[in-house]
Amino acid sequence: MPLAQLISPQQLAERQKSGGLVILDCRFALEDPDYGLCSYAEGHIEGAQYADLERHLSGPIIKGVTGRHPLPAPDAFIRQLRAWGVNADSDIVLYDDGPGAYAARAWWLLAWLGKRDGVFILDGGLKAWHAAGFPLSLDAPVIEPGTFSGTPDNHLQLDAEHLQKRLGQPGLTL
């Protein structure tokens, strides 16, 4: 599976001039689930749409069955990608506050559904964008629905039962 490419704040600012990017703001805080959306409303990179960990990047929690943030249903996530304007050939930039964990989850979900080219993570996240002196926007982007279709690559998943069987094997890497 190809790695997401890093894009610098300067490269992103230059790419924004030509348009055509799908930018997803993936900010979130486990201790405050409203943090990301509130932060987005206070300012985001121009053209960005908000991708919430719990509403968009995860599926429903089933107590005692799933973990805290299970995978979303593929068809539901594909519908969301289309609502964000994603097409098969879209270039997508993902960012969060900086460490990259939430942006990386969005990248993995895209790869899981087959979108493996043209996906970028903002190097250093929004902190790096601020440090480079680039502005934030309060405007909601105008989005034309996309046509993305994907199929989950279930080889990228590992369930607890399969993991339990492999524990202790020297070739296992987590």
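Rule-based calculations on the coordinates, nothing more; no lab input. Because the structure is a prediction, the values reported are computed rather than measured. Note that we place each Cβ from the backbone using ideal geometry, even for glycine, and neighbour counts take in every protein chain shown.
For the chain, find the longest principal axis of its Cα atoms and tell me its angle to the long axis of helix 74-83, 0 to 90°, nearest 10. It is inclined by approximately 0 degrees. For segment 154-167, the Karplus equation 6.51 cos²θ - 1.76 cosθ + 1.60, evaluated at θ = phi - 60°, returns couplings of 5, 5, 8, 9, 9, 8, 4, 5, 5, 4, 4, 5, 8, 4 Hz by residue, with Gly and Pro reported as x.
Given R0 = 35 Å, the distance between the Cβ atoms of L172 and T151 translates into a calculated FRET efficiency of 0.85.
The calculated 222 nm mean residue ellipticity attributable to helices in the chain amounts to -9000 deg cm²/dmol, summing -39500 (n - 2.57) over DSSP H runs of n ≥ 4 and dividing by all residues. Entry note, the chain: relative contact order of 30 percent, from Cα contacts under 8 Å with a spacing of 6+ residues.
Rounded, prolate or oblate: which fits segment 22-84, taking a ≥ b ≥ c as square roots of the Cα gyration tensor eigenvalues, rounded meaning a/c under 1.5, else prolate when a/b beats b/c? Judged from the Cα gyration tensor, segment 22-84 comes out oblate (a/c at least 1.5, b/c at or above a/b). Against the main long axis of the alpha-carbon atoms of the chain, helix 101-112 sits at an angle near 70°. Near the amide H of Q49, within less than 5 Å, lie the amide hydrogens of I23, L24, D25, all on another chain or at least 5 residues away, with H placed in the peptide plane. Among L24, L174, L6, L37, sorting on how many other beta-carbon atoms sit within 10 Å of each Cβ, with the fewest leading, yields L174, L6, L37, L24.
Cut-off is 10 Å between beta-carbons; in what order do Y40, Y35 appear when sorted fewest neighbours first?
Going from sparsest to densest Cβ surroundings: Y35, Y40.
Kirkwood-type hydrodynamic radius, the chain: 17.0 Å, calculated from all non-identical alpha-carbon pairs. If the chain linking L158 and K127 were pulled fully straight, counting 0.36 nm for each residue of separation and taking away their Cα-Cα distance, it would gain 7.9 nm.
Counting Lys and Arg as +1 and Asp and Glu as -1, what is the net charge of the other residues whose Cβ lies under 15 Å from the Cβ of K17? Once positives and negatives cancel, what remains is -2.
How many percent of DSSP beta bridges within the chain run antiparallel, rounded to 5? The antiparallel fraction comes to roughly 5 percent.
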